[in-house]
Amino acid sequence: MIRDELSQAGLHLIIKRKKVKHINLHFDNSNILQISVPISTTEQRIDEALQIKRDWIFKCQKILLEKDSRVKIKPDIFILMGEEYQIEYDPTLINSCKFDYINKKVINSFKIVSDSQRAHIYKIYAKEYLIPLTFQYAQRMGFKINKVSIRGQKTLWGTCSHSGNISLNWKLILTPEFVIDYLIYHELLHTRHHNHGKIYKKELRQLYPRTDEAELWLKQHSQLLKLY
Ligand SMILES: [Zn+2]
């Protein structure tokens, strides 16, 4: 079904019956597709029109998503959970960094922060923040997990093995808090279901009601995974 395919791609359809002669499609933004149709148009006719325009729809969506996900990261700031942190240099620290959460500062030992040093700092923060948070959620919701590690995959936000080992991408800390929470719940639930089947999806929405919103956010910001 074309409508299922569109919805799986994160597209919401808005159908407007109007006094128009032809079916017209246009994007409101990367996730809303509006269709104006003559008042008497059948649902089947709308499906046919969507099917004919399928390639055009996905092409437009791709262009819009790329526009949305252009990440602007300035050289003198860090973005941690959607918040900007200023970078400060402290030569007494050796190959490490400290986070001042109150004043929103990252104090680090590198005078000039290169991409690899930046990634290094992000990883330290990710370990400090994501690992205890995952154990905390696991305990709260009764999931048995073994180990949590931080990795830097280019294509995955996280994984969960059959033996309950969870890995999370450090780039997650560049995303807002509700997306981080979503991904942790997503991986925790994989300790019970090792697939993305219907039961899994239903339980995930119950476990984390902002699932759809978070999945859309991740889809729109997939470029973040390719950073560094
Ligand atoms: Zn999954």
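Residue 52 meets the stated requirement of being under 31 Å from the mean Cα position of the chain (by Cα) and β-branched (Val, Ile, Thr). Taking the range 129-142 as the range and being in contact (Cβ under 8 Å) with a residue 40 or more places away in the chain and under 14 Å from residue 183 (Cβ atoms) as the test, the residues that pass are 129, 130, 133, 134, 137, 138.
Among residues of the range 92-105 that are surrounded by 13 or more Cβ atoms within 10 Å (Cβ to Cβ), those with a beta-carbon under 6 Å from a residue that is of a type in the set (Ser, Thr, Tyr) and part of a loop (DSSP other than H, G, I, E, B) at least six positions away or on a different chain give the pairs 93/109; 96/109. Filtered by the rule that a residue be within 15 Å of the ligand (Cβ to nearest atom), of a type in the set (Phe, Trp, Tyr) and either in contact with an Asp or Glu (Cβ under 7 Å, 6 or more places away or on another chain) or touching a residue at least 12 places away in the same chain (Cβ under 8 Å) (or both), the range 189-228 gives a lone residue, 208. Among all positions in the range 157-168, there is no residue which is in contact (Cβ under 8 Å) with a residue 24 or more places away in the chain, closer than 23 Å to residue 98 by Cα, surrounded by fewer than 16 Cβ atoms within 10 Å (Cβ to Cβ) and not acidic (Asp, Glu).
Scanning the range 132-152 for residues being within 30 Å of residue 90 (Cα to Cα) and within 18 Å of the chain's Cα centre (by Cα) gives a total of 4. Taking the numbered list (1) touching a Phe, Trp or Tyr at 6+ places or on another chain (Cβ under 7 Å); (2) within 12 Å of the ligand (Cβ to nearest atom); (3) not β-branched (Val, Ile, Thr) in turn, residue 186 passes all entries but (1).
One line per residue, one yes/no per condition, for (1) surrounded by 16 or more Cβ atoms within 10 Å (Cβ to Cβ); (2) of a type in the set (S, T, N, Q); (3) at pLDDT below 95:
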| site | (1), (2), (3) |
| --- | --- |
| 143 | yes, no, no |
| 149 | no, yes, no |
| 187 | yes, no, no |
| 202 | no, no, no |
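The values are calculated or read from the model by the stated rules, or taken from the named source; none is laboratory data. From a predicted model like this one, the values you see are computed outputs, not experimental measurements. FYI the Cβ positions are ideal-geometry reconstructions off the backbone, even for glycines, and counts take in every protein chain you see.
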